[in-house]
Structures are given as structure tokens and as C-alpha cells.
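Just so it is clear, none of the values below were taken in a lab; they were calculated from the coordinates. Quantities reported herein were computed from a predicted structural model and do not represent experimental measurements. A quick note on method: Cβ atoms are made from the backbone with ideal geometry, for glycine too, and the neighbour counts reach across all protein chains shown.
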Amino acid sequence: MYDKLLVELSAPGRRAVSLPPLDVPEAEPLPEEYLRSELPLPEVAEIDLVRHYVRLSQKNFAIDTTFYPLGSCTMKYNPKVNEEAARFPGFVQIHPLQPEETVQGALELMWELQNYLAEITGMDAATLQPAAGAHGELTGILMIRAYLRDRGEYGRDEVLVPDSAHGTNPATAAMAGFKVVPIPSDRNGDLDLDALRRAVSDRTAALMFTLPTTLGLFDPQVLEITETVHRAGGLVYGDGANLNAVLGRVKHGDLGFDVLHINLHKTFSTPHGAGGPGSGPVTVKAHLAPYLPAPVVVREETENGPVYRLARPEKSIGRVRSFHGSFNVLVRAYAYIRSLGAEGLREVADNAVLNANYLLARLKEAYHLPYDRRCMHEFVLSGVRQERLGVKTLDIAKRLIDYGFHPPTIYFPLIVKEALMIEPTETESRETLDAFAEAMLAIAREAETEPQVVKSAPHHTPVRRLDEARAARQPVLRWQRAEAAGQA
Amino acid sequence: MIPEDRKYTREHEWVKVEDGVAVVGITDYAQRELGDVVFVNLPATGTRVKQFERFGEIESVKAVSDLYAPVSGEVIEVNPRLGSEPELVNRSPYEEGWMLKVRLEDPAELDNLLTAEEYRQHIGEG
Amino acid sequence: MTEFLRPSYIPNTGSDRAGMLRAVGVGSVDELFAEIPEAVRNPELKLPAPLAEAELLRHMRELAARNASLEDYACFLGGGIYRHFVPSVVQHITARNEFYTAYTPYQPEVSQGTLQALFEYQSLICDLTGMEVANASMYDGGSATAEAALMACRLTGRNAIGIADTTNPQYIEVLRTYFEGQSLQVEVFDADDPPADRDLACLIIQHPNFFGYLERPELVAARAREAGALLVMIVDPISLGLLKPPGEYGADIVVAEGQSLGLPPYFGGACLGIFACRQEHIRQMPGRLVGQTVDIEGRRGFVLTLQTREQHIRRERATSNICTSQSLLAIAAAAYLAALGKQGLRAVAEQCYHKAHYAAKLIAQIPGYSLAFDRPFFKEFVIRCPAPVAEISRFLLGRRIIGGLDVSDYVPNGMLIAVTELNTRAEIERLAEALRDAAAVAAGPVREVTDVR
């Protein structure tokens, strides 16, 4: 199986690039003290470079090869027409600091997308600047902080975070200088409303609430939850990672959320890129709009028609990154919304939720279901039954690989033991869902009759059961040239 | 097998006192729950630790846990081997995987701790 | 068959759904949403009607056509985003479905492609910068700078940082936004006289600076050392084909905008935040890290490691809240560095240098224009114009030239000109000619400007 590092392919004098000769007279060189003496980069020929990367890519599971039910990540199909549109030179070859009159197409696209996202989520304004969901969280929490301080509310230094929350939530609150107060979940998997009522006070800045929740459930108490926080003088931040379940079925803005982040690389089909780039726009109610990061795109009516400009909201929290936003991702999300329209988006939610409930119905006998109720677009099973037989959720996940599936999210949320979070998305066929269900049922049977085959999985991958303890105890985070010389 | 010659906290630390010096570590139950230990973050010698307050952290591949002092006193020695061999905590939590030696300030504090039998009950192996 | 075949990525049909509804035990999909409060259920979404593929592409092409593409102009605009040559192989590599439609490599056995590609990226960044360890990316140069400053505060226990006044103003702004949250202080210092202040966790210097000029990192390093502060350097990755790497100046943390490494300008995003530091500080480093290890059969493999620093484990005590970053773009940067290699990157850097200096020489000779500073520079420099920059730029546009950035806030009528290996001699000479003509127009009596094409 192909296994070389770039540095092991390298040989002196090789290169994969061509450059024209210098066409201007040479200038005086820089003084020696500024210059480097060696540039230790590999030297690889183009054919070897291409083979290297193509063969590497073949070692990956991806949506385009495999069912990828990673809960909370919404691994839906990435439409290829969006890829084509995103490659037009008029989008690719523009500089963010060009005069605005030369990028009206790009600014219009951003303005429209701001509006679409606000409309879809029942909010009044949006920023497209944040580069990822966590970045959007930080943006939203900083906006809440600015809003409260503007009103003289310096004493509000606590952010309430459910114990089921994604790790980015408390990490974000801490980054924004807040104390994190955890709120437990109740027996039904919903937020413990009594605990929330006891926790809110005049020190509450905000509640960070994911809806649908990280358990894939629609917390029916949502209106009381948001009202409880508002009554105490706090705001409600919405983690919109699970927006895929409710497109066209409910708007977060109608449920009492003041601010929401959206993951374009989840709900709006932009590719995950092996870990990014994503994009995390934030939509807000009018009272938070003045605090949006700068710049936002505005439209002015002139006698020659509409003109799009970049503008700074009057009480902006400032920038959260350089330039305007992850435009290449925005283009794809825009194209997706234009392709689907309102009815297409509603169908997305309907099918995402149906697919998840269908899989749940097929699996709930064989696996422990901690919260036996209707799920939304994803659901959480527990491997505790199999654990009693010596088979852990980790083993189940690895065995799924043998059956040709990417494992679901495991060991999250933290409040479920041996958790398996499954999100099929709407872009999978019934046949695929049935095949996955069959595999999960087969593994449950194997756990009883031949657990060893599950515990020793996966069996056919290029590497198996990597030693993560060693990787953490003796970190090797870059290639070593001496070792490379040995392998070459 | 929970050693009888020492006392325990509810947070799974043990303490064994020899001539006024308290040796501190974590229990076998704790190391099993944690998984492969990759890093232990301990205070410097000379630091004063206080009973039931956080004195450090222990990391496995997938988890981080706080370490709580079973007794108060000045840290006089830190296990020098844990830096390069954190796996000692897994292999030998009661012996080679010891973490701190503390000059015991107040022997009465030991009364606040669990006996081996009480600890056994606490973790449900009674 | 004349009906509208709407775009749909949903394979299941009505009959598939009917069977599934039966298995779930409900009569309709509506029932699945019954927990949503009735008053707000099923809202209208006021969005434009859907577009079939051909219509969508037509619409997107129209939008794109209303942007002036740098391919149709001679571009001299920089300021953090640059037009550099991108070898064709790079885009082919990142267009591999198995790269771009995969996600964060949580299951290493089925993600060795991603993991090894990122491990190679980390290694290449270390080779390039002379640092010991690099992470697998951050969002962009600006947020990477903010995270470096936060890391310095964590390491030193101090509440304030110093940043040079010649740093990219957008980066300073991002830093302020991040610091505001934790009530940390940002002090802007004179780059020529860095402070040795024991209250500062680090001194941040951009080299070459925002205006293109080389700073004196060794001076900043000395002052930082005196004060027990960290040295953070912001660099231009292309410049490292030529310039002494930050590791050799003793930098503790190095950050950069990686867009120049194999990515097109793309309207300023997505970008690539490069972040590297010393091995000894690794536990305080934000971002994903890929490490080498062995599998159960002793074969070399790669995994995400030191995850206990990160939010999914350490939650509110994490080094950062970052989760999804810029993996695909890091892979592009790695492919770029590998494609160019030792020879190629050096050649690109040298061409930028010589072409920029040629442009500066020509412009300095134009009456009315002057070079704002007499200091060594790499690929950008500031000129003083005889008229407001906005006027000059408008004139240049008419000549199909995208002029440099208006930096009048720093230098009266100052324009920041960037020149890369993609600017031909002809373009540079056209720029000089156009600047000369622009000056004449500006200096002339008030009259209709008719020669703007």
C-alpha cells in the first residue's frame, strides 16, 4: 500500500513548476543579514506529486464515496453545479480591496445571501464574516457582551450552557470572558427547566441553546426557556448547527432567539473540505444589528439603480477576521439556496427528519435508546448493551468500516454513555439507509455471537487501530529528515 | 484490590503517610476510567496544596481530569519519572505511579478522608 | 414532459417515503414536527423561485460578469491578499472528491489521506519558517495573530500585548475585538523603538511589514527577551523563499496569511491562517495537530493528537474554541510548496523582489511621484501621489489597471503598490505610463476627463 511522505519522494533538482525568466533588470540584492542561507523544501516532479496526492486521497472515506452519518455534521451531498459556479473567474479572481464599483456582482451576492439567511431563520440582519461555526459563536457572544455593556449592564458575567452542549459553546463563552454555568438536562433529554429557572439571575448575560438539541430532539419547552432568560434580563444565543432539521418548519427568530449562527458547510451543502473551509454566518434580531462585525453589505438606491457597498454598523464589535468573509463558501451556499427555493428547503428538512426517524425505528430494538421519543434529523443511541458483552462503541464504529460505512459520531454528547450519534441527512436513498441498518443489526448480533470480530475491527484498511496514546505521549508533529533518508 | 494502608478521596486520589510525609497518587479505578495517561500536570516543589483543592491535571488521549489534594502541605517532591513515562500511572497507580510527596500540615485532616472499605463502597465494588 | 424539473438532491420518492412513514408509525411527515409550537409552525420562507441548473449557471455567470476580474486587468493591489501564480496541479489536487467531500479526520483508519496531507503541511510550514511545530491551520492571518497573542498571555500570565504600528491594520482590529472579550490590553508600539516592558506578554512584529518594508526583528527580539516577553512574528510566506526565516530570529510564535501559497484572491476568503511555535509551548497551542504514530501491526500512520488542548475535550478551559478550520486550503498550500520546491519558491520570491524594485525605480522617476520611504522592501512599497489616491485609481481603472491600496491615513496621498511574479514588464511600464498621465490630468485645469476608457 502506497506510503511515502513528500520528503521521501524528493530528489535534488526535481521540480513541478515552470516560470518565465525574469523580464526586468535585477535590482541591488538585499543585505546578507536579511537573507536565508538554506531553503529546505522537498523537490518533487509533477508526475510524482500528482500520484502522491491522488493515492493519498484514495485512502479517505468521503461523502462522494461512502455513507457518512456523522451526527451533528450534516454530511449531505455537495452539488456539483455549485462547484462549477464557484469557479467562474469573476468570483475567483477578485481582490477584496478592489474599488467597490468593480465588484458589484460579488457584493450583490453577499447582500442577497445576508437577506436569505435572515429570512430563513426569522431574523432581521446578518453578518457573513465568521469563518466557521465556532467563529460565529464567538461573534454572537461578543455582540451580546457589547449590547449589555452599552446598557450599563456590566454585572452580567455568566453564560448558561447546557451539559449536552458541543464543546465549542463553553470554550467560546470563556474566550469572551464569561463564566460558564452548566445547566443539566432532564430525564427526557430536554433542558431541565427548573434548573434553568434557579440559575438565571441579574448576572445572566445569555443562555447558549442548541435547537434541535445535540441529542437530536426538539425541546418542546423552548418558548418557556427563552422567556425565562429574557425575563431575567439575559439574551438567548442559538447554536444553529442542527438547522437542517427545521428549514421551513420553524424559524429560530419566532422562538425567542436573539442571535443564531449557521454552519454553511452543514445545512447549506458547501463541502466540508476535510476539515474546512466552512463558514459561520450569524443572523440577529434588530436590537443586535448595530453590533454586527464590520463590514456588512448594504444596498443604496441611486438614480442609476441599486448600488452595493460595504458598511460599518454604528456600534460594531469590530472585525473578527481579515476581509469580508469566506467568499468561496458563500458563493456555493447562495447557489444552493437559489437552486432549492422555499419548497426545496422545506423538503430538505422533511426528508432529513424522516430519514432519521426511519433509521431510528429500524435500530431501536437492537441498541439502547436513552430517550425514547420522536427524533429530528439525528438521534443518539447508546452502546451500553453491547458494552456488557465487552464490545464498546469504539469497536462498533470500527466494525462499521468493514461494512463500508463511515462511522457515526461517537462519545458525544457527553451526557450519554457510549454514545453513537447518527445523522443520515436527506440526500441518502432508502436503499442506503437499509444497508446501513442491516450492518448495524449484524454488528449487534456479532457482539453477542462473535465479539472478537468486532473488537479487532477494522480489518481491511491500510492501517488499523492506531496508537493514539503514543502519539500524545511522544508527539511527532513533523517529518524528520534523517528518518526520511532511511525510508527513501 | 484496594490497598488498606492508605486513605482515599471521593475524587479517587489516595494518600499514604510515612513519617509525616504524605505520598499522593490516583487509584486503580481512576486510571481505568481515564484510559491511557499521556500527561500529568503537577505543581512545582515548594508549592502549598490545600485539602480538596485542585493541584493539577491528568490527561488521557480523550479526557482531562482535575487532581484534588487529599491533604494540605508543602510539596517536597514530585515524581520525576512521570514526565517521560506517564504510563506508570496506568501500570502501577499505587506504587511507581505516585505523583507528589507533601509535608503533612495537619494529621487531623486524614479524618476527612475515606478508608479503603468506604472507598470501595463509593465506587460500587463493596 | 414540459414540467419544471426542480433541482433536488433527495433520492427518495413519494413511494419510498410512504413505506418509511409506515415503518416509523406515522401517517404523514407533518406529524414528525408536532412538537413545534403550533403558532410558529410551518412559516412562509420568502425566497426567490428555484432555478434549474442551466438557469442557475446563467444567473451566476451574470453576477460574476459584473465583477472586474484581475485576469482582465493589470493588478498592483496587495495589502494582505495577493495575486500569485497558482500551478494547475494544486487545483486538481484539491478537486479530488475524496479530499473536498470528507470531513475532520475523526476516524483515522479511513482518513489517512487527509491526515498525512496535513502532517506534510505542518512539516512544510516548519521547514519554511524554521519553527519546530505548526498546526493544521487557523481561519486567516488576522485571527491567527489574535490567537497567538492569547497564547502569549496564557504562557506568561500577563494581561497585555504589544503590536507594532506597521502591522496590517485589519489584524490589529481583529486582535482588539478578541481581546475586548477578555479585558486584555493592546498596546501599539513604534516599530523602530520596541518597548522592553515587563507588563507585555509578547511583542508582535510583521516582517515585511504591512507597507512592504523589512523591519528589524533582531531588535524586537532583544527587547522582548529583556522583558521576559515572547516574540511573535507575522510573515509573508512567499518572502521566505528569500528572507531569513523567523525561527532564526528566535521567534516564539509565527503566524501568517497563507493565501499566497497556492490560493487565488477569491475576494479575500476563505483564507489560511498559518500558526507555528516552539515544541516546549505545544500544550498551549490552539488548533488541530496531526501526529505520527504506528498501528497495531507497527505500520506508520497519522492521527489527530494532543486533542486534550481542544474544545471538544477541555471545553471552557480549551486553548481555543476552534473546531472546523481550513484543511483543504492547507492541503492546497502544501501542494503548492511541494510543486514549487526549493528552486521554485526561491525563484518566485526573487522575481517579486526584482519586479517590485523595477516598478519603484520607474515610478520614482515620474515628476509628482516619490517613494515614501528609503528602506529595504520585498514586494510592496508606498509611493506619494501628486493627487488624491481615489482620483489616480479611477484613472488607472480606465487604463485597465487596478492600482495599489489607498494608505493616505498613513502617508499623504500614499498608495501601497504590490508587484508579484505575475506582473509582466509590459504591465509595470504601462503602470508607470498611466501614473504619469494621471498626474497630468490631475494637474490640468478643471475640465472633462475624456481619456478614461
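Remark: segment A:6-57 carries a charge dipole of roughly 480 debye about the Cα centre, counting +1 on each Lys and Arg Cβ and -1 on each Asp and Glu Cβ.
Within chain B, the proportion of C-alpha pairs whose separation exceeds 20 Å stands at 37%. Seen from residue B:17, the other residues with C-beta closer than 13 Å to its C-beta sum to a net charge of -2, counting Lys and Arg as +1 and Asp and Glu as -1. The ranking of C:183, C:325, B:65 by Cβ neighbour count inside 10 Å, starting from the fewest, reads C:183, B:65, C:325. Bridge orientation summary for segment A:81-340: considering DSSP beta bridges with both residues in this region, about 45 percent are antiparallel.
Based on DSSP loop calls and a cut-off of at most 10 other Cβ atoms within 10 Å, the longest stretch of chain C free of exposed GluC sites (Glu not before Pro) is what? Here the longest run is C:45-296.
Taking the square roots of five times each eigenvalue of the Cα gyration tensor of segment A:6-57, the equivalent ellipsoid has semi-axes of 30, 16, 8 Å, listed largest first. Computed from point charges on the beta carbon alone (+1 for Lys and Arg, -1 for Asp and Glu), the dipole magnitude for the protein assembly as shown about its Cα centre is near 1180 Debye. Counting Cβ atoms of other protein chains within 10 Å of each residue's Cβ and taking the mean over peptide A:64-71 gives 3. Using alpha-carbon positions, what is the distance between the centroids of segment A:34-101 and segment C:312-372, in Å? Rounded to whole Å, the Cα centres lie 17 Å apart. For a quick check of your reading of the filter: which trypsin sites (Lys or Arg not before Pro) in segment A:94-186 sit in a DSSP loop and have no more than 10 other Cβ atoms within 10 Å? Those satisfying the criteria are A:151. Separation of segment A:117-147 from segment B:42-111 is 43 Å, based on Cα centroids. Computed over chain C, the Cα gyration tensor eigenvalues convert (square root of 5λ each) into semi-axes of 42, 34, 22 Å, ordered from largest to smallest.
Annotation note: trypsin sites (Lys or Arg not before Pro) in segment C:99-203 located in DSSP loop regions with a Cβ neighbour count of at most 12 within 10 Å are C:198. Computed from point charges on the beta carbon alone (+1 for Lys and Arg, -1 for Asp and Glu), the dipole magnitude for chain B about its Cα centre is near 220 Debye.
So how far, in whole Å, is the C-alpha centre of segment C:1-67 from the one of segment C:228-265? Comparing the Cα centres of segment C:1-67 and segment C:228-265, I get a distance of 47 Å. Note that segment A:87-103 has calculated 3J(HN,Hα) couplings of 9, 4, x, x, 9, 6, 9, 10, 9, x, 9, 4, x, 4, 5, 9, 9 Hz, one per residue in order, obtained from phi through the Karplus relation 6.51 cos²θ - 1.76 cosθ + 1.60 (θ = phi - 60°); glycine and proline are x. Put in line by how crowded their Cβ is, counting other Cβ atoms within 10 Å and starting with the fewest, B:104, C:431 read B:104, C:431. For the protein assembly as shown, the residue among A:210, A:454, B:68 whose Cα projects farthest onto the positive side of the dipole built from Cβ charges is A:454. Using just its DSSP H runs of length 4 or more, each adding -39500 (n - 2.57), the protein assembly as shown gives a mean residue ellipticity at 222 nm of -10500 deg cm²/dmol after division by all residues. Annotation: amide H-H contacts under 5 Å for residue C:78 (H modelled 1.01 Å from N, sequence separation of 5 or more, or interchain): C:405, C:418. Once the convex hull of all Cα atoms in the protein assembly as shown is built, its volume per residue stands at 182 Å³. Neighbour counting of Cβ atoms within 10 Å sorts the residues C:309, B:103, fewest neighbours leading, into B:103, C:309.
For segment C:17-24, 3J(HN,Hα) computed residue by residue from phi via the Karplus equation (6.51, -1.76, 1.60; θ = phi - 60°) reads 5, 4, x, 5, 4, 4, 5, 6 Hz, glycine and proline entered as x. Among the trypsin sites (Lys or Arg not before Pro) in segment C:1-86, those located in a DSSP loop and surrounded by at most 11 other Cβ atoms within 10 Å of their own Cβ are C:46. Here's the list of lysines a cross-link from residue A:315 could span, going by alpha-carbon distance under 25 Å and ignoring same-chain residues fewer than 8 apart: A:179, A:285.
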